Amino acid sequence: MQGARVPIRSFWTKAKTSFLFSYLDRKMSQRVTRIGVFYDGNYLYHVSNYYAFYHKNKARLSIAGLNAFIRTQISKFEDTPLHLCQVVDAHYFRGRYTTPVIEQKGWLRGERVFEDVLMFSGVTTHYWPMKEGNEKSVDVALALEALELTLLKGFDVCVLIAGDGDYSPLVRKLNMTGARVMVLGWDFEYKDDRGVRRFHGVFAPHHTLRALIVPTPSADSPVPIAPKRPGRMSWGDLLMRVWTIDALKCPHCGGRMRVIAAIHDPDAITAILAAVHSERWVIPATRPPIDSPLAALAAA
């Protein structure tokens, strides 16, 4: 009887092994496409400002919406089901002012709110010290981190949200590791508050790909005359625009006043204000003479 059980047990063992290999083959064919996202913070800042202040929607970009868009596009390009395309890591790189400078500029609350958005979206932040508005080493840090994490974590697709051509060597290096690279950028144009026409992306004047999409004028075509740029707004207009204070409106008659002189020396300003508020500048009110026409008019 025991000898008769051996073939049955052997059959079930082979069946289990065959089923296991079939299950593993199906799982390997449905492997998750691992996506790593790397944000150039300064580039994302300018794009987000465009959507917040100049786009018709008047709203900032959504990190969750960007991730959903990235997953959808990669699912199409890779011919992979959407649920198998997952953002497994995301990193944000940007230069950063010191806290006193941010407080002086009034940016502290806005910076903290955006950091909260990144934190709750699962984005790791990388900040580098910034002085006099110049970001140094941020591009290099992003490139090194992207290459290292792609090698260590085995990203299938590396997404660069950037508009700088300096990342071209990084793209070639990532392709050498076997990873596919997706560059996400924006091309748009708009007019700012001063009426100046602005270009972003490949439409920008110094972009390397601009010549491929913008036609070059022929020698016979007339040279267009650039419109005159509006000058800088005066301090009176700026006060009216920001604080709703019309500094050039006369408090007595409501007419328009003009600037005779502008004093910038703090010591001179202090001395003038002290003299204005001193008693020696106060002229006592006097009644007109009795035989004056003004007196007769006042009596009437």
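Overview of values
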read-out: Subset tally (residues that are assigned to a loop (DSSP other than H, G, I, E, B) and within 19 Å of S48 (Cα to Cα)) for segment 123-152; value: 3
read-out: Of all residues in segment 69-95 being among the basic types (K, R) and out of contact with any Gly (no Cβ under 9 Å at 6 or more places or on another chain), the one that is nearest to S121 (Cα to Cα); value: R71
read-out: Single residue of segment 178-202 satisfying the filter (modelled with pLDDT under 90 and among the aliphatic types (A, V, I, L, M)) that is surrounded by the fewest Cβ atoms within 10 Å (Cβ to Cβ); value: V196
read-out: Any hit, segment 125-142, residues being closer than 30 Å to I102 by Cα, in contact with a helix residue (DSSP H, G or I) (Cβ under 6 Å, 6 or more places away or on another chain) and buried (at least 19 other Cβ atoms within 10 Å of the Cβ); value: no
read-out: Lone unmet requirement of (1) at pLDDT below 85; (2) among the polar types (S, T, N, Q); (3) assigned by TED's automatic domain parsing to the domain that holds D164 for T80; value: (1)
read-out: Enumeration of residues in segment 59-80 that are part of a loop (DSSP other than H, G, I, E, B) and either surrounded by 15 or more Cβ atoms within 10 Å (Cβ to Cβ) or within 14 Å of the chain's Cα centre (by Cα) (or both); value: A59, R60, L61, S62, T80
read-out: Odd one out for E148 among (1) more than 19 Å from the chain's Cα centre (by Cα); (2) exposed (fewer than 13 other Cβ atoms within 10 Å of the Cβ); (3) within 23 Å of G185 (Cβ to Cβ); value: (3)
read-out: Residue count, segment 55-69 (criterion: of a type in the set (D, E, K, R) and in contact with a helix residue (DSSP H, G or I) (Cβ under 6 Å, 6 or more places away or on another chain)); value: 1
read-out: Filter pass, D79 being at positive phi and not small (G, A, S); value: yes
read-out: Residue within segment 75-85 that is of a type in the set (V, I, T) and within 26 Å of V140 (Cα to Cα) present; value: no
read-out: Unique residue being exposed (fewer than 12 other Cβ atoms within 10 Å of the Cβ), of a type in the set (G, A, S), modelled with pLDDT of 75 or more and part of a loop (DSSP other than H, G, I, E, B) when the list is A219, A226, A247, A261; value: A261
read-out: Scan of segment 147-177 for residues that are closer than 11 Å to F93 by Cα and modelled with pLDDT of 90 or more, ordered by number; value: I161
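The values are calculated or read from the model by the stated rules, or taken from the named source; none is laboratory data. All values derive from a computational prediction rather than experimental measurement. Positions of Cβ are backbone-derived with ideal geometry, glycine not excepted, and every protein chain shown enters the neighbour counts.
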